[in-house]
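Note sheet for the following structure.
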Amino acid sequence: MSTMLPPSSSSGTATAPATAPQESRETAEALEADRRAETAPRGAEARTAAPWGTDPYANALRNGRGPLFLRRSDGWLLPLDVERWCSDAGAADLSALHRCEGPVLDIGCGPGRLVAELTALGHRALGIDVSEAAVARTRRIGGSALLRSVFDPLPGEGRWGTLLLVDGNIGIGGDPAALLDRAADLLSTGGLLIAETSPLDIDERAQVRLDDGRRAPTEKAGPPGPADRPFPWARIGTPALLRYAGACGWRPADQWSAEGRAFVSLRRPRRPRRPVRERSARTSSQSAESANSTPVISSQLER
């Protein structure tokens, strides 16, 4: 399936894309070049071996249900809402999607419900995920998606109108400040970041593992594999995200809750844009570091 973003169309519920024709054409051309190179995406081997490319997560997406958890070293479990991810976009999702502007990049798109809904609403939308199963399912339901980490070089850098970090994806890499810095590179001037936060006032870092509940923590069915390796994850509430965002120069745009879920939208910092060459070198370095420590994750829900 082509990874070209679908053309914009008018819709009574979608926000009209805010990009100029020249910028839209450049984004489309970048995506087409990326599609041609997709047979050998950068860092693909590392992603295949990363925790989110392993059976527990892939099986959950194929089946459309859990159980699936993030397990801390002390045994505490964070349940992941696979059933909701694999359903159609709900009212809380729509409360975020109706705020989107211009072309939208869904970071950690998972099984693709948001990308598919955005496409139906008339937005040009692309999902990225480090899980092959997630990318395949997104495409199967009509969305466009690439097998990429947010820290990989991406098409349309500096030209996206909106970034989505929902379903707990503000926790990617266990370092919200670094993720916000990377997001600023991806957005256009004045672009919008929409993030889902924990409904609790927390700022937590933890090393976690994927757990499907099918074996005891001490049970060893064989040699350790990628799913057994711990990786960093973060959970932060709205106050913590606003603190990190303020320190990085992001401007608060809105905050709201829907169906027990909390959201924040932020405007891109006003700062000189790094040259493309510098951004490319920086993201390549981050991608290599991420592959070595397996911190770059796909779509997950914090509960």
Compute the FRET efficiency between W76 and T189 as 1/(1 + (r/R0)^6), taking r as their Cβ-Cβ distance and R0 = 30 Å, and round to the nearest 0.05.
-> 0.10
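Report the calculated FRET efficiency for E132 and Q255 (r = Cβ-Cβ distance, R0 = 41 Å), to the nearest 0.05. The partial results should precede the final answer.
Working: r = 34 Å, r/R0 = 0.84.
That pair, E132 with Q255, gives E of 0.75.
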Given the protein chains as shown and a 1.4 Å probe, how many square angstrom of D167 are accessible, to the nearest 10?
-> 10
Using 7 Å Cα-to-Cβ label points, what is the A247/R229 separation (nm, one decimal)?
-> 2.8
Sorted list, accessible surface of protein heavy atoms, 1.4 Å probe, largest first, for Y57, Y244 is Y244, Y57
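W250: net charge of surrounding residues, Cβ under 9 Å, Lys/Arg +1, Asp/Glu -1, itself excluded? All intermediate terms of the calculation are to be shown ahead of the outcome.
Numbers: positive: R251, R267, R268; negative: none.
Neighbourhood net charge equals +3.
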Compare C86, C100 by solvent-accessible area with a 1.4 Å probe and give them largest first, with all protein chains kept in place.
-> C86, C100
Rounded to the nearest 10 Å², what accessible area does L200 show when all protein chains are kept and the probe is 1.4 Å?
-> 100
Using a 1.4 angstrom probe and counting only protein chains, how large is the accessible area of T189 in Å², to 10?
-> 120
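The values are calculated or read from the model by the stated rules, or taken from the named source; none is laboratory data. Note that the coordinates shown come from a computational prediction; the quantities given were computed from them, not determined experimentally. FYI the Cβ positions are ideal-geometry reconstructions off the backbone, even for glycines, and counts take in every protein chain you see. With ligands, DNA and RNA removed, areas are computed over all heavy atoms of the protein, side chains included. Shrake-Rupley method; radii C 1.70, N 1.55, O 1.52, S 1.80 Å.
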